[in-house]
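Participant: Here it is: the structure, laid out below.
The values are calculated or read from the model by the stated rules, or taken from the named source; none is laboratory data. Note that the coordinates shown come from a computational prediction; the quantities given were computed from them, not determined experimentally. When we count neighbours, we look across all protein chains shown, and the Cβ atoms used for this are built from the backbone with ideal geometry, even at glycine.
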Amino acid sequence: MEMADILAEHAVLTCTDVTSKRQLFEMLAEKAAEITGLAQADILAAIVGREELGSTGLGNGIAIPHGKLAGIGGVVAVFARLDQPIDFDAVDDQPVDLVMMLLAPAGAGADHLKALSRVARMLRTEDVVDQLRHENDPARLYAILTAPLEDTYAA
């Protein structure tokens with residue numbers, strides 16, 4: 001699974017005014033609703049419900065909030081780069097500034113796990129993270145995120 005399969009260029013956001021996890025989730029849910037045609041409230045409930053089970057903050061300023069929804073056709077991603085890191089209850093207690101939200105169909109198993117694995121691997125790569133943190137242009141962020149695996153970082 002390649003990132004371009006699940007992440008649309010218009011699903012890459014740069015955020016200057018996000019100050020809380022709740023505000024971030026609302027913004028991500030709004031963008032995902034535009035992309036999927038699903039209700040923003042349903043998307044928000046799925047993400048918040050999963051987050052209540054434990055933080056999706058991986059550490060090093062990175063989070064991968066995710067959830068499953070009925071009615072979604074396949075895995076969909078929304079990426080946000082925050083100008084100011086926010087508290088996220090991450091495993092390392094560090095604030096988060098890079099966020100990739102993933103949504104999957106309610107019955108998805110393997111595809112959901114593949115997407116989570118792919119995103120986690122990419123966002124644990126120092127070079128990719130450094131590039132993302134030093135870029136403000138959504139089109140360039142999209143190019144970094146969707147570059148072929150071998151062109152972006154070692155597998």
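Participant: Going by what's in this entry, would K68 be described as within 19 Å of A8 (Cα to Cα) and not in a helix (DSSP H, G or I)?
Facilitator: yes
Participant: Within the stretch 118-140, how many residues turn out to be aliphatic (A, V, I, L, M), exposed (fewer than 15 other Cβ atoms within 10 Å of the Cβ) and at pLDDT 90 or above?
Facilitator: Counting residues in the stretch 118-140 that are aliphatic (A, V, I, L, M), exposed (fewer than 15 other Cβ atoms within 10 Å of the Cβ) and at pLDDT 90 or above gives 1.
Participant: Another question, then. Can you tell me how many residues in the stretch 11-26 are in a helix (DSSP H, G or I), hydrophobic (A, V, I, L, M, F, W, C) and touching a strand residue (DSSP E or B) at 6+ places or on another chain (Cβ under 7 Å)?
Facilitator: Of the residues in that region, 1 qualify.
Participant: Same structure, new question: State which residue pairs qualify: first residue within 18 Å of T16 (Cβ to Cβ) and inside the stretch 70-90, second residue at pLDDT below 90 in any location, beta carbons under 6 Å apart, and separation of 6 or more residues or different chains.
Facilitator: Sorted first by the residue in the stretch 70-90, then by its partner, the pairs are A80/C15; L82/C15; D83/T16.
Participant: Return only the number of the condition from (1) within 20 Å of E52 (Cα to Cα); (2) modelled with pLDDT of 90 or more; (3) not hydrophobic (A, V, I, L, M, F, W, C) that P85 does not satisfy.
Facilitator: P85 satisfies every listed condition except (1).
Participant: Considering each of R81, R50 in turn, give the residue that is in contact with a Ser or Thr (Cβ under 8 Å, 6 or more places away or on another chain) and in a strand (DSSP E or B).
Facilitator: The unique qualifying residue is R81.
Participant: Has the stretch 13-28 got at least one residue that is of a type in the set (V, I, T), buried (at least 22 other Cβ atoms within 10 Å of the Cβ) and under 21 Å from R118 (Cα atoms)?
Facilitator: Looking through the stretch 13-28, none of the residues is of a type in the set (V, I, T), buried (at least 22 other Cβ atoms within 10 Å of the Cβ) and under 21 Å from R118 (Cα atoms).
Participant: Which number in (1) surrounded by 15 or more Cβ atoms within 10 Å (Cβ to Cβ); (2) touching a strand residue (DSSP E or B) at 6+ places or on another chain (Cβ under 8 Å) marks the one condition that A143 misses?
Facilitator: (2)
Participant: Here is a follow-up. Report the residue count in the stretch 99-117 for those that are at pLDDT 85 or above, buried (at least 16 other Cβ atoms within 10 Å of the Cβ) and out of contact with any helix residue (DSSP H, G or I) (no Cβ under 7 Å at 6 or more places or on another chain). Talk me through it step by step, then tell me what you get.
Facilitator: From the stretch 99-117, those at pLDDT 85 or above are 99-106; that's our starting set.
Okay, now just the ones that are also buried (at least 16 other Cβ atoms within 10 Å of the Cβ), so 99-105.
Restricting the remaining residues to those that are out of contact with any helix residue (DSSP H, G or I) (no Cβ under 7 Å at 6 or more places or on another chain) gives 105.
Going through the stretch 99-117 one residue at a time, the tally reaches 1.
Participant: Right, another one. Under the condition of being without any contact (Cβ under 8 Å) to a residue 60 or more places away in the chain and touching a Leu at 6+ places or on another chain (Cβ under 7 Å), which residue from the stretch 30-40 is surrounded by the fewest Cβ atoms within 10 Å (Cβ to Cβ)?
Facilitator: L38
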